[in-house]
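What follows is a single structure, written as structure tokens, with notes after it.
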Amino acid sequence: MTTLHPTIEQAQGLIELERYDQARALLGQRLAEDPGDVRAWVKVGYCHLNTQRPQHALEAAGQALELAPEDYGALILRAEALIRVPSRSWREAEPVLREAVRIDPHHWYGCAMLADAVWRMSVVRYAKATGTQELQHHDVARLSGESADLAVEAIRLGPEEVYPLEVARSIAGFSGRSAVADQLDRAILRLDPTHVDALARQTGKAADAPGVKAVQAADLYAAGLAAAPDSDSMQRGLDQATYRMLRGMRWLALLCLGLAGVMTDLFAVEGEVQRELPLSLGQRLWYLVPVTAIWIVGALLRYRRRRTGVRLNVQSLMRRGRWARLVVAQAAWSMLCALLIAQVPWTDRLLPQVLFWAGLTPTFATIWFDRKKAR
């Protein structure tokens, strides 16, 4: 094992603390003393790479490779810089990575990165050769033989590393091997429970499973966001599930409206005698019993049992979303019409009938119109 110069070890510590400018300054002093220090050039390159200056990192890799053309670390640095420079690509990185794997075939990172490059470029070459704009799963599966083998080898060499699993998962996903992709997602989450992409995919799969209701989906997305709060896809999923919950409030309001119509016998049925109006105070007050039960069981208890993230998102979505505010307003409007029908001592059924249709028609029509908003 090569012993690092103390200055380089100190610079490595600064890099791990993400103090890249200080590390680069320290490495500059080391290179002023010994311009032939390959490790110093490689570390300088990573300082540039981590501060979004890939072109400078590429130049540092070039300096290191001039001194040691077969240095594994310098080759990996060059490959990483190439894929980040806008004018370069994985195509240029692929031969560099092949050389790195030839030099050190037992290092998991070079093998995983080569697998990543090979499957990307095989797809690009196939698309250019055939002129196709959209590849099918079987096309990718046929092209991914070498890259899949490299990914499996990388997983064997680095069984506790996430990146080889990410590469293997990408290949399996694009190849249409959903069962394998699902297993790899679970393996990623065993190593990194907060992995954003894998967590989002697993959460979305659980939330979209048959029989999963809106409240359950909302809880699943809220749990996922607690572990990975920066996931845009899970936030969209939580918003959709929350909106579906709010849509359910309109059905509760329409049920209460229907009960009000039944209680007052708004519409004549052939062969039956409509009850006399006005209804007694006891009958009007009794209506509040089932209505209260409907809202307590159907809305309040369900809301209070949700995760804190779901309850907060209900408030947030109502501030952010026009449709969310609309469905709540429609539920309130239908309930207002229901209460007016049931609690006012009407002597005639004409106005209660108008209120019934006013509460039912716009709300019921919108339920079908905005179904796509909940998807």
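Bear in mind that the values in this text are calculations on the coordinates, not laboratory data. These figures come from a predicted structure and were not determined experimentally. Cβ coordinates were reconstructed from backbone atoms using ideal geometry, including for glycine residues, and neighbour counts include every protein chain displayed.
Can you run phi through the Karplus equation (6.51, -1.76, 1.60; θ = phi - 60°) for region 148-155 and list ³J(HN,Hα) in whole Hz, with x for Gly and Pro?
So the Karplus estimates, Gly and Pro as x, are 5, 5, 5, 5, 4, 5, 5, 5 Hz.
Nearest 10 degrees is fine. How inclined is helix 232-263 to the longest principal axis of the chain, computing both from alpha carbons?
So the helix axis and the longest Cα principal axis differ by about 10 degrees.
Quick one: which residues, 5 or more positions from L279 or on another chain, have an amide H under 5 Å from its amide H? H modelled 1.01 Å from N in the peptide plane, none for Pro or chain starts.
Here W346 satisfy the definition.
By how many degrees, 0 to 90 and rounded to 10, does the Cα axis of helix 178-191 deviate from the longest principal axis of the chain?
70
Shape of region 63-191 from its Cα gyration tensor (a ≥ b ≥ c, root eigenvalues): rounded if a/c is under 1.5, otherwise prolate when a/b > b/c, or oblate? All intermediate terms of the calculation are to be shown ahead of the outcome.
On the way: a/c = 2.30, a/b = 1.26, b/c = 1.82.
In terms of gyration-tensor shape, oblate.
Compare the Cα positions of A81, L143, Y20 along the charge dipole of region 1-145 (+1 at Cβ of Lys, Arg; -1 at Cβ of Asp, Glu; about the Cα centre) and return the one farthest towards the positive end.
L143
Can you give me the Cα centroid spacing of region 17-77 and region 101-162 in angstrom?
One Cα centre to the other: 28 Å.
How tilted is helix 281-295 with respect to the longest principal axis of the chain? Cα atoms for both, answer in degrees (0 to 90, nearest 10).
Value to nearest ten degrees: 10.
Report ³J(HN,Hα) in whole Hz for each residue of region 38-53, in order, from the Karplus equation J = 6.51 cos²θ - 1.76 cosθ + 1.60 where θ = phi - 60°; Gly and Pro get x.
Here the 3J(HN,Hα) series is 4, 4, 5, 5, 5, 5, 4, x, 5, 4, 5, 5, 7, 10, 6, 10 Hz.
Determine the gain in length on full extension of the stretch D34-R156; use 0.36 nm per residue of separation and subtract their C-alpha separation, reporting nm with one decimal.
Gain on extension, D34 to R156, equals 40.1 nm.
From the phi angles alone, apply the Karplus equation (6.51, -1.76, 1.60; θ = phi - 60°) to region 158-164 and give each ³J(HN,Hα) in whole Hz, x where the residue is Gly or Pro.
Rounded to whole hertz, the list is x, x, 9, 9, 7, 4, x.
Rounded if a/c is under 1.5, else prolate if a/b beats b/c, else oblate: with a ≥ b ≥ c from the C-alpha gyration tensor eigenvalues square-rooted, which is the chain?
prolate
With no solvent and one point on each alpha carbon, what is the Debye value of log10 I(q)/I(0) for region 220-294 at q = 0.13, 0.16, 0.17, 0.19 Å⁻¹?
-0.60, -0.71, -0.75, -0.84
How much length is gained if the chain between I103 and V273 is pulled fully straight, taking 0.36 nm per residue apart and subtracting their Cα-Cα distance, in nm to one decimal?
51.7 nm
Taking a ≥ b ≥ c as the square roots of the eigenvalues of the Cα gyration tensor of region 57-101, is the shape rounded (a/c under 1.5), prolate (a/b larger than b/c) or oblate? Could the numbers behind the result be given before it?
Working: a/c = 2.48, a/b = 1.31, b/c = 1.89.
Here region 57-101 falls in the oblate category.
Could you work out the relative contact order of region 48-132, using alpha carbon pairs under 8 angstrom and six or more residues apart, expressed as a whole percent? List each step's numbers first, then the result.
On the way: 80 pairs, mean separation 18.1, N = 85.
Relative CO of region 48-132 lands at 21 percent.
Rounded to the nearest 500, what is the 222 nm mean residue ellipticity of the chain from helices alone, with -39500 (n - 2.57) per DSSP H run of 4+ residues and division by all residues?
Value at 222 nm, helices only, nearest 500: -24000 deg cm²/dmol.
May I ask you to derive the relative contact order of region 143-184, considering only C-alpha pairs under 8 Å and at least 6 residues apart, and to give it as an integer percent?
Across region 143-184, relative contact order equals 34 percent.
Let me check against my output: what whole-number percent is the relative contact order of region 299-375, with C-alpha pairs under 8 Å and at least 6 apart? Provide the component values of the computation, followed by the final result.
On the way: 26 pairs, mean separation 17.1, N = 77.
Here the relative contact order equals 22 percent.
For the ranges 352-360, 214-222, 244-252, 307-315, what's the packing order if you count other beta-carbon atoms within 10 Å of each residue, average per peptide, and put the highest first?
The most tightly packed comes first, giving 214-222, 244-252, 352-360, 307-315.
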